[in-house]
1. Among the residues of segment 48-97 satisfying the criterion of being of a type in the set (A, V, I, L, M, F, W, C) and within 16 Å of the ligand (Cβ to nearest atom), which is surrounded by the fewest Cβ atoms within 10 Å (Cβ to Cβ)?
2. Is there a residue being in contact (Cβ under 8 Å) with a residue 60 or more places away in the chain and either more than 13 Å from the ligand (Cβ to nearest atom) or among the β-branched types (V, I, T) (or both) anywhere in segment 24-43?
3. Filter the strands (runs of 3 or more DSSP E) completely within segment 98-191 down to those with at least 1 residues that are at pLDDT below 95 and either out of contact with any Lys or Arg (no Cβ under 6 Å at 6 or more places or on another chain) or open to solvent by 40 Å² or more (accessible area, probe 1.4 Å) (or both).
4. Could you list, in sequence order, all residues of segment 6-32 that are part of a loop (DSSP other than H, G, I, E, B) and open to solvent by less than 30 Å² (accessible area, probe 1.4 Å)?
5. For segment 130-139, indicate whether the set of residues that are of a type in the set (D, E, K, R) and within 15 Å of the ligand (Cβ to nearest atom) is non-empty.
Amino acid sequence: MFASGYGSNLEAIYTAISSHTLRGVELVLVISNNSNSRALAFAKERHITAKHISLLKFGNDEEIFQKELLKILADMRIDLIVLAGYMKKMPNGVVEKYLGKIINVHPALLPEFGGSGMYGLNVHQTVLRSGKRISGATVHIVEGEYDSGKIILQEICPVFENDTPEILSDRVKEIEHRILPKAIQIVVDRI
Ligand code: GRF
């Protein structure tokens, strides 16, 4: 699992596995580009291997960064990668090696509200500015380009007139926590 921030989606996956709602899955590795990420602390507390790895740590050398990532993933025998609030682009070599086996959760409806810059509260701000009365969350397969790739699951929620990006984010996150474990199950059952 890759996460950059709070890790509520990591928690949702962890809970789904612990309660046997999500079956045939073992959560063995959490990687974050952010050393202060709560996701890393959450994993450590539960004795899940947690690593702080970033492009910056490798002097912005993308090749070394990619090589290091591929090595860790191979050493840990990872067969499925979940990006849950991971704010960085996955190196192309990793996407190619794990084609069809990288899942991302996006806090809006794709394809309309995706692409470069559409992350964090920006996405919700853009949805609010668009005047759309519906938003939601999307879980999709990662295939190189930002937020592209086959959609696995999507669920909608209403957007209200007085919503702020933060309020809308909370509403969307509830959906993410529900559909991400379900989408993982769908992909795992196919592998
Ligand atoms: C989620 O809304 C995710 O869709 C987005 O970043 C947020 C991460 O939340 N990419 P958390 O770290 O899982 O709490």
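The values are calculated or read from the model by the stated rules, or taken from the named source; none is laboratory data. This structure is a prediction, so every number in the text was calculated from the model and none was measured. No Cβ is skipped: glycine too gets one built from the backbone with ideal geometry, and neighbour counts run over all protein chains shown. SASA here: full protein model, heavy atoms, side chains in, ligands and nucleic acids out. Shrake-Rupley method; radii C 1.70, N 1.55, O 1.52, S 1.80 Å.
1. First, the residues of segment 48-97 that are of a type in the set (A, V, I, L, M, F, W, C): 48, 50, 53, 55-56, 58, 64-65, 69-70, 72-74, 76, 78, 80-84, 87, 90, 94-95.
Add one more test, that the residue is within 16 Å of the ligand (Cβ to nearest atom), and what stays is 48, 50, 81-84, 87, 90.
Numbers: I48: 17, A50: 20, I81: 22, V82: 26, L83: 20, A84: 26, M87: 15, M90: 18.
Among those that are of a type in the set (A, V, I, L, M, F, W, C) and within 16 Å of the ligand (Cβ to nearest atom), it is M87.
2. yes
3. Working: elements: 102-106, 134-141, 151-158.
Once the strands (runs of 3 or more DSSP E) in segment 98-191 are filtered for at least 1 residues that are at pLDDT below 95 and either out of contact with any Lys or Arg (no Cβ under 6 Å at 6 or more places or on another chain) or open to solvent by 40 Å² or more (accessible area, probe 1.4 Å) (or both), nothing remains.
4. Once the filter is applied, which keeps residues that are part of a loop (DSSP other than H, G, I, E, B) and open to solvent by less than 30 Å² (accessible area, probe 1.4 Å), segment 6-32 yields G7, L22.
5. No, segment 130-139 has no match at all.
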